[in-house]
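Please read the structure below before turning to the comments.
Computed from the coordinates by the stated procedures, all read-outs in this text should not be read as laboratory data. Predicted model, so just to flag it, every value in this text is computed and none were measured. Backbone-built Cβ (ideal geometry, glycine too); neighbour counts: all protein chains shown.
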Amino acid sequence: MNRRHWIERSGTHLGGIALASLLRGEAQAQTHFAPRAKRVISLFMHGGPSQLDLWDYKPGLRAWHSQELPASIRGDQRLTGMTSSQASFPVTASLFGFQQHGANGTWASELLPHTAAMVDEMCIIRSLHTEAINHDPAVTLLQTGHQQPGRPSFGAWASYGLGSENDNLPTFVVLLSRGSAARPADPLYARLWGSGFLPSNHQGVAMRSGSEPVLYLANPPGVSAAMRREQLDALSQLNRTAQVQAHDPEIDTRISQYEMAFRMQSSVPALTDLSHETEATWDAYGPAAKQPGTFAANCLLARRMAESGVRFIQLYHRGWDQHYNLPSDIRLQCGDVDRPCAALLRDLKQRGLLDDTLVIWGGEFGRTPYSQGKLEATNYGRDHHGRCFTIWLAGGGVKPGVVYGETDDFSYNITRDPVHVHDLNATLLQLLGVDHRHLTYRFQGRDYRLTDVAGEVVAGIMT
């Protein structure tokens with residue numbers, strides 16, 4: 001790295017944060033204050049799980065069931081094209097029972113018995129809100145701080161700001177799973193874990209199930225490790241010669257990525273080899289954990305990655321977009337995630353990792369309290385609803401066993417302690433030891449940040 005480039009890159013951080021990410025582990029990351037969490041495991045329920053059927057208990061809706069949602073509640077809310085033309089908006093109470101759990105009697109759905117048993121470790125936020133009403137802009141906003149594509153993802157910002165704890169593994173890893181619900185899942189684009197305008201070595205590495213977790217990592221037939229080392233040395237020399245002439249930061253990135261790929265040839269197979277896990281561990285995560293590519297298997301991999309020093313681990317579980325047949329489909333989806341989520345929290349705690357691992361569960365928005373389409377006795381659907389929805393956090397400096405925020409009797413509007421997406425991201429960065437206002441990158445003449453020009457830290461959910 002030449003002197004001019006070092007000064008330019010270092011200057012993009014107020015206070016010189018993240019020198020480690022610039023030098024790929026040659027120095028410790030410089031946080032703004034003592035971090036409560038060292039790493040993040042994000043369990044993303046793609047499609048928007050219904051808060052009304054899982055975490056936001058509204059028993060009063062039974063008295064309103066099938067009646068028209070009051071216009072005073074809906075107000076001037078912008079609706080999607082899927083329900084804006086409906087002649088009626090019948091209130092829809094959940095078909096599922098709720099019970100109280102934990103020391104504080106937190107309400108949770110019968111669909112999540114294993115996760116509900118862990119509520120004393122969790123902070124449940126019922127008052128998250130977003131202005132996006134369709135999947136792609138809503139996911140993009142939550143992941144990148146902006147509804148339009150092109151910005152770095154949260155994992156990329158974490159990699160850029162905090163660097164790596166393990167030089168032999170990527171700082172940011174992505175795992176994908178498809179839910180058991182039969183309906184087609186909305187697409188997931190690689191830009192959701194991309195680096196945007198940050199150097200490309202900060203983008204997420206998507207790991208696949210099967211014998212080749214990372215494409216093109218294995219040497220082709222006839223090429224030994226020694227031969228590959230010689231090729232990379234020669235290629236590195238050519239790239240460094242080009243860098244002297246071009247002064248292009250991406251050339252340095254390319255060199256470091258080739259070296260990382262070489263190291264991953266041994267580190268990734270060891271990481272994904274689950275053969276040494278105990279029977280007690282398999283039993284905790286459930287039978288699906290032995291099927292590569294399932295959410296349960298990915299949760300077990302996430303724990304191994306946390307142990308190995310991966311900074312940001314993103315799990316996407318698809319299939320939560322339940323416009324129709326919600327009662328049957330959400331039961332299937334919860335069957336996928338309930339036991340593994342609880343096992344992951346318990347596993348992290350038993351291994352002493354939960355204190356400095358921040359676990360996040362939730363989707364891009366919630367669902368409406370009225371039915372989309374015809375309301376039937378045992379069947380209904382719910383449309384997108386961004387005005388209030390629920391997520392939960394655990395570990396990493398989060399207050400355990402608390403519920404933050406409240407919604408009205410219809411779970412339509414927030415009545416106390418609203419948390420915007422930008423506020424959530426500002427708080428997550430704070431838990432990682434980073435002031436969201438000062439983690440910036442200059443691009444096209446402007447200093448950008450994850451929280452754009454907004455975001456307030458939610459002190460009430462932190463220890």
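General remarks:
- Counting only alpha carbon atoms, the long axis of helix 421-431 and the longest principal axis of the chain meet at about 50°.
- The stretch 135-292, relative contact order in percent, only Cα pairs under 8 angstrom and at least six apart counted: 21 percent
- FRET efficiency for Leu95 and Arg437, using Cβ-Cβ distance with R0 set to 56 Å, rounded to 0.05: 0.80
- Taking label positions 7 Å along the Cα-Cβ direction at both Phe33 and His276, the computed distance is 3.9 nm, reported to one decimal.
- In terms of other Cβ atoms within 10 Å, His420, His65 run from fewest to most in the order His65, His420.
- When only alpha carbons are used to place a centre, the stretch 411-449 and the stretch 128-186 end up 14 Å from one another.
- Distance between modelled label sites at Asp283 and Leu235, nm, 7 Å Cα→Cβ extension: 4.7 nm
- Rounded if a/c under 1.5, otherwise prolate or oblate - the stretch 173-243, Cα gyration tensor axes: oblate
- Counting neighbouring beta carbons within 10 Å and listing from fewest to most, the residues Cys299, Cys334 come out as Cys334, Cys299.
- Only DSSP H runs of four or more residues enter the estimate; each adds -39500 (n - 2.57), and after division by the residues of the chain the mean residue ellipticity at 222 nm equals -10000 deg cm²/dmol.
- Value of relative contact order over the chain, rounded to a whole percent, pairs C-alpha under 8 Å and six or more apart: 29 percent
- Alpha-carbon gyration tensor eigenvalues x 5, square-rooted, for the stretch 132-267, Å: 31, 21, 12
- Prolate/oblate/rounded call for the stretch 401-463, Cα gyration tensor, a/c under 1.5 rounded: oblate
- Qualifying chymotrypsin sites (Phe, Trp or Tyr not before Pro) for the stretch 181-276 [loop in DSSP, other Cβ within 10 Å: at most 12]: Tyr189, Tyr216
- Unsatisfied cross-links (Cα-Cα over 31 Å) in the set Lys38/Lys290; Lys58/Lys399; Lys374/Lys399; Lys290/Lys374: Lys374/Lys399; Lys290/Lys374
- Subtracting the Cα-Cα distance of Glu307 and Lys349 from their residue separation scaled by 0.36 nm leaves 13.9 nm.
- Relative to the longest principal axis of the Cα atoms of the chain, the long axis of helix 326-350 lies at roughly 50 degrees.
- Note on the chain: semi-axes of the ellipsoid equivalent to its C-alpha gyration tensor, largest first and rounded to whole Å, are 40, 25, 20.
- Residues of the stretch 375-394 with amide N under 14 Å of the 7 Å Cα→Cβ point at Asn104: 391-394
- Cα-based helix-to-principal-axis angle, 249-272 vs the chain, degrees rounded to 10: 70 degrees
- Taking a ≥ b ≥ c as the square roots of the eigenvalues of the alpha-carbon gyration tensor, the stretch 38-183 is classed oblate because a/c is 1.5 or more while a/b is no larger than b/c.
- Relative exposure of Phe443, Phe172, judged by other C-beta atoms within 10 Å (fewest first): Phe443, Phe172
- Remark: spin-label model distance Arg446-Asp409 equals 4.4 nm, labels positioned 7 Å along the Cα→Cβ axis.
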